[in-house]
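Q: Before I ask anything, let me first share the structure, which is written out below as structure tokens.
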Amino acid sequence: MKRLFNILLAGTLLTTGLVACEKSVEDVHYVPTTPVGKLLLEECPEVARMFRDTTFLVAVGVEETDLHIQTNDGYVNQVYIIKVDTNVPGVRMAVSMPNNSNNISGGWNRQTLTDMATRMDAPGERVAAMVNGDFWQMSAPINPRGPVHREGVVIWDKWDYDEAVPEQALSFVGVLDDGSMIIAERSRYEEYKDKLIECTGSGVMMLSNGVYLGTTYNGRDPRTAIGYTDDGIVWLLTCDGRQKFGAAGMTYKEMGYIFQTLGCVGAANLDGGGSAQMLIRHPIADVWQIRNRPSDGAERPVINGWAVIVEEP
């Protein structure tokens, strides 16, 4: 009887092993279908695996790709990337402000991206997409950490660096008078000040001249970042974070190498945490839609943003 039991047990283990082997063979990794998804999985050193990727046209010259990825450190993230082709006539980047106003005589205000887009949107200058902008001093009276230029007007030319928040007020993002983008260190602001048509402050610079700069900050958070190429493409990235499942948040290194793989020469971090938000004008329903899941659980009012403007009726 004991011998019979051993034979039956061995047969069961063998069968189980065969099933396990068969299952592992069937566990084929997802193959991305979008150009961005394929590129990042094949060439970005920080993207280890992809679970899903989709893309759609927001407006002519504006395309969104959503990715569910796993980084080399094993963390899973939901990433939203918008490609803006400023070579397309009528497509440009612009700074957004609460109530679509440059007037700060009564102090700085905050507003949700949805309300900013609603006030900024106009025939011939439609808001196709928007992300949050610079960090701000959160205790009253509030103010942005870096300069703000809008429509050629210098609204704010001050820096508010605080050692308590050392990842803020380190750099600036701008559109120059020739229409090109620039991301540079805080120390170079005066050099470019008179040429900046649109500008906000930004935080840690991840790329300069296409090279990842490295950083001592290794935190993983919800983030919004911006990068640009030499040939007129602007990339906006927002990732979720501080969520238990599938949204751990990203590091500067991971985002830096994503921007580098996308061909960017410059990239910098914008405000993150609960401020990390991406909005689009839905191409079918014609409504404003927050694409990510803000870690606050709802839209957080912010001090400024970066809008994608398209020339549509």
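Q: For THR33, state whether it is within 30 Å of ASP85 (Cα to Cα), among the hydroxyl-bearing types (Ser, Thr, Tyr), modelled with pLDDT of 95 or more and surrounded by 13 or more Cβ atoms within 10 Å (Cβ to Cβ).
A: Answer is no for this residue.
Q: Using the structure shown, decide if ARG291 is within 22 Å of GLU63 (Cα to Cα), in contact (Cβ under 8 Å) with a residue 12 or more places away in the chain and of a type in the set (Lys, Arg).
A: yes
Q: While we're looking at this one, here's another question. Taking strands (runs of 3 or more DSSP E) that fall entirely within the stretch 247-292, which contain at least 2 residues that are open to solvent by less than 20 Å² (accessible area, probe 1.4 Å)?
A: Ranges flagged: 266-269, 278-281.
Q: What do you reckon, is LEU213 of a type in the set (A, V, I, L, M, F, W, C), over 28 Å from ASN100 (Cα atoms) and at pLDDT below 95?
A: yes
Q: For the stretch 182-229, give me the residue count where each residue is surrounded by 15 or more Cβ atoms within 10 Å (Cβ to Cβ) and without any contact (Cβ under 8 Å) to a residue 12 or more places away in the chain.
A: Counting residues in the stretch 182-229 that are surrounded by 15 or more Cβ atoms within 10 Å (Cβ to Cβ) and without any contact (Cβ under 8 Å) to a residue 12 or more places away in the chain gives 0.
Q: Looking at the stretch 65-92, I want the residues that are closer than 17 Å to THR34 by Cβ and touching a residue at least 40 places away in the same chain (Cβ under 8 Å) and have a partner that is in a strand (DSSP E or B) and among the polar types (S, T, N, Q) with Cβ atoms under 7 Å, at least 6 apart or on another chain. Which pairs are those?
A: ASP66/THR54; HIS68/GLN78; ASN77/THR71; TYR80/THR238; ILE81/THR65
Q: Looking at the stretch 101-117, I want the residues that are closer than 13 Å to TRP288 by Cβ and have a partner that is modelled with pLDDT of 95 or more and of a type in the set (Asp, Glu) with Cβ atoms under 7 Å, at least 6 apart or on another chain. Which pairs are those?
A: These pairs meet every condition: THR112/GLU299; LEU113/GLU299; THR114/GLU299.
Q: Taking the residues in the stretch 226-248 that are more than 17 Å from ALA129 (Cα to Cα) and in contact with a helix residue (DSSP H, G or I) (Cβ under 9 Å, 6 or more places away or on another chain) as candidates, determine which candidate is modelled with the lowest pLDDT.
A: Applying the filter and picking the extreme gives ARG242.
Q: Would you check if GLU125 is open to solvent by 50 Å² or more (accessible area, probe 1.4 Å), over 19 Å from ARG300 (Cβ atoms) and either within 20 Å of the chain's Cα centre (by Cα) or among the acidic types (Asp, Glu) (or both)?
A: So GLU125 fits the description; yes.
Q: Another question, then. Right, ASP134: touching a Lys or Arg at 6+ places or on another chain (Cβ under 8 Å), acidic (Asp, Glu) and either in a strand (DSSP E or B) or surrounded by 15 or more Cβ atoms within 10 Å (Cβ to Cβ) (or both) or not?
A: Taking the combined requirement at face value, the residue satisfies it.
Q: Additional query: So which residues in the stretch 136-148 are in contact with a strand residue (DSSP E or B) (Cβ under 7 Å, 6 or more places away or on another chain) and among the hydrophobic types (A, V, I, L, M, F, W, C)?
A: Scanning the stretch 136-148 gives TRP136, ILE142, VAL148.
Q: Could you check the stretch 48-64 and list, in sequence order, the residues that are in contact with a helix residue (DSSP H, G or I) (Cβ under 8 Å, 6 or more places away or on another chain) and within 12 Å of VAL36 (Cβ to Cβ)?
A: Hits for the stretch 48-64 are MET50, ASP53, THR55.
Q: If I go through the stretch 72-122 residue by residue, how many of them are in contact with a strand residue (DSSP E or B) (Cβ under 7 Å, 6 or more places away or on another chain), open to solvent by less than 50 Å² (accessible area, probe 1.4 Å) and either part of a loop (DSSP other than H, G, I, E, B) or acidic (Asp, Glu) (or both)?
A: Of the residues in the stretch 72-122, 9 are in contact with a strand residue (DSSP E or B) (Cβ under 7 Å, 6 or more places away or on another chain), open to solvent by less than 50 Å² (accessible area, probe 1.4 Å) and either part of a loop (DSSP other than H, G, I, E, B) or acidic (Asp, Glu) (or both).
Q: Could you grab me the full set of residues in the stretch 170-181 that are open to solvent by 40 Å² or more (accessible area, probe 1.4 Å) and among the aliphatic types (A, V, I, L, M)? Spell out the reasoning first.
A: First, pick out the residues of the stretch 170-181 that are open to solvent by 40 Å² or more (accessible area, probe 1.4 Å): 170, 177-180.
LEU170, the sole residue that qualifies.
The values are calculated or read from the model by the stated rules, or taken from the named source; none is laboratory data. Quantities reported herein were computed from a predicted structural model and do not represent experimental measurements. Every residue, glycine as well, gets a Cβ built from its backbone with ideal geometry; the counts of neighbours run over all protein chains shown. What goes into the accessible areas is simple: the full protein's heavy atoms, side chains included, and nothing from ligands, DNA or RNA. Shrake-Rupley method; radii C 1.70, N 1.55, O 1.52, S 1.80 Å.
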